[in-house]
1. Among (1) among the β-branched types (Val, Ile, Thr); (2) in a loop (DSSP other than H, G, I, E, B); (3) open to solvent by 90 Å² or more (accessible area, probe 1.4 Å), which single condition is Val26 missing?
2. Give the range 63-116 a look and list any residue that's assigned to a loop (DSSP other than H, G, I, E, B), surrounded by 14 or more Cβ atoms within 10 Å (Cβ to Cβ) and at pLDDT below 90, or say none.
3. Return only the number of the condition from (1) open to solvent by 50 Å² or more (accessible area, probe 1.4 Å); (2) of a type outside the set (A, V, I, L, M, F, W, C); (3) part of a loop (DSSP other than H, G, I, E, B) that Thr52 does not satisfy.
4. Looking at Lys98, Lys82, Lys105, which one is closer than 19 Å to Pro58 by Cα, out of contact with any Gly (no Cβ under 9 Å at 6 or more places or on another chain) and of a type in the set (Lys, Arg)?
5. Which condition number does Gln37 fail, the rest of (1) open to solvent by 50 Å² or more (accessible area, probe 1.4 Å); (2) within 15 Å of Ala106 (Cβ to Cβ); (3) not small (Gly, Ala, Ser) being met?
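The values are calculated or read from the model by the stated rules, or taken from the named source; none is laboratory data. All of these numbers come straight from a predicted model, not from anything done at the bench. Cβ placement follows ideal geometry from the backbone for every residue including glycine, while neighbour counts extend to all protein chains displayed. The protein model used for the area step is the full one, side chains on, heavy atoms only, and it has no ligands, DNA or RNA in it. Shrake-Rupley method; radii C 1.70, N 1.55, O 1.52, S 1.80 Å.
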Amino acid sequence: MDGPIPPGTPIGRLADTEWGWIIAAVLFAWIGKRAEQAAAEQLDAERTIRMTALDPQPWDAGAVAAILPELADACAGLDWSKPLAQWSRENIIEFLLKAMPLIRKAMIARDFSDKGITRQSSAATIARQANAAAGGPLETPDEFNDEVPTF
C-alpha cells in the first residue's frame, strides 16, 4: 500500500516513471537471483549474470549497437538507400570486413572494462557521482581513511 504505484492502478494509466520503476524492479530481481545462483554454484557472478538463453545475447547486441555510428562512417561509400538484398557481393564483404574488427574491439572493451555489473569500481563510481550530485566531494567516504602521520 505504501509503494510508488497505488494498488489497482490500470496498466494503461501508468506513466513512464512508473514503468521505469517496474522495469528496474524486474531487472534488479533478476540480477539478484542470478548472483544468488552464482554464489550457490561457486561461479563467477559477473559471467553468470551475463549468461542468458537468448540468441543473440543482449550483452553482445549492446556491444554491436555501440559501434554502429563508427561502422556507418567506415562504410560511407556504401549505398545505404538500397536494401541489403540489392547490395553486391563485394559491398557485403566490405561491410562485414569493416564491421568485424569494430565489433571485436567493442566486445574486448566490454569484457575488460572495470565497470561491470558486480565490480566494486562501478559502485565507487556511482558513490562519487551521488556525492557530487549532492554537492559533496568526488571522493567516497572510505577514501578518507588514510592514516595521518604523527610527528
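1. Every condition holds for Val26 apart from (2).
2. Listed by number, the list holds a single entry, Gly116.
3. Only one criterion in (1) open to solvent by 50 Å² or more (accessible area, probe 1.4 Å); (2) of a type outside the set (A, V, I, L, M, F, W, C); (3) part of a loop (DSSP other than H, G, I, E, B) is unmet by Thr52, namely (1).
4. Step by step, each of Lys98, Lys82, Lys105 is checked, and only Lys105 is closer than 19 Å to Pro58 by Cα, out of contact with any Gly (no Cβ under 9 Å at 6 or more places or on another chain) and of a type in the set (Lys, Arg).
5. (2)
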